[in-house]
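Taking it in order: structure first as structure tokens, then the write-up.
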Amino acid sequence: MSLKPKSADESKAEMTVRMFPSDANPAGNVFGGEILRQIDLIAGLVAQRHCKRNAVTASIDRVNFLKPVMVGNALILNARLNYVSRSSMEIEIHVEAENLFTGVKTLTNTAYVTSVALDENGRPTDVPPLLLVTDDEKKRFAEGEQRMLQRKRERKQH
């Protein structure tokens, strides 16, 4: 079955979540696990938008914690597809914290999530190819492909 290519713009997502005291330690720093939870949620949304199927997280890697997120900040997550293979998709996520009193936004996290599309029996299944138009999309795809090959090499070593 041949699937119609889809652009990254068709599945991209932005999500804003306010951080509360229950999301943080006593000093007011939001838990890394809460940020990872939000990264996982938006990656799943992008993956399912692309493949129109159930998709599960296969890996979260290259997560960078650049700056702290504080209680009261709005957490703004932007996610887009970079690379698609037969059944897997690489989603790139950028996370910013917005101070709602000053309006200042700070890049706090970046991550790459690999999601795998599943069929009705829970087995990996084909996803639509990624339509590449711009030079930036082609560059992101090539870089994503290299990261995917590196992940495969690392899995074989274990």
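The values are calculated or read from the model by the stated rules, or taken from the named source; none is laboratory data. Keep in mind that what you see is a predicted model, and the values were worked out from it rather than measured. Cβ: placed from backbone, ideal geometry, glycine included. Neighbour counts: every protein chain shown.
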Exercise for the section: Would you check which residues across the stretch 1-39 are small (Gly, Ala, Ser), loosely packed, with under 11 Cβ neighbours inside 10 Å, at pLDDT 95 or above and not in a helix (DSSP H, G or I) and list them? Expected result: ALA27
Handout entry: Residue within the stretch 92-115 that is under 18 Å from the mean Cα position of the chain (by Cα), over 17 Å from LEU36 (Cβ atoms) and of a type in the set (A, V, I, L, M) present
Key = no
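Condition test on ASP23, is it within 26 Å of GLY122 (Cβ to Cβ) and of a type outside the set (A, V, I, L, M)?
Details: within 26 Å of GLY122 (Cβ to Cβ): no; of a type outside the set (A, V, I, L, M): yes.
Against the criterion (within 26 Å of GLY122 (Cβ to Cβ) and of a type outside the set (A, V, I, L, M)), ASP23 does not qualify.
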Practice task
State yes or no: is ASP136 loosely packed, with under 11 Cβ neighbours inside 10 Å, closer than 25 Å to ASP9 by Cβ and modelled with pLDDT of 95 or more?
Solution key: yes
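Would you check which residues across the stretch 84-114 are closer than 22 Å to ARG147 by Cβ, in contact with a Lys or Arg (Cβ under 8 Å, 6 or more places away or on another chain) and surrounded by fewer than 19 Cβ atoms within 10 Å (Cβ to Cβ) and list them? Even if it seems obvious, please write down each step before you answer.
Applying the first criterion (closer than 22 Å to ARG147 by Cβ) to the stretch 84-114 yields 84-95, 107-114.
Still in the list and also in contact with a Lys or Arg (Cβ under 8 Å, 6 or more places away or on another chain): 90-92, 107-108, 110-112, 114.
Scanning the stretch 84-114 gives LEU107, THR110.
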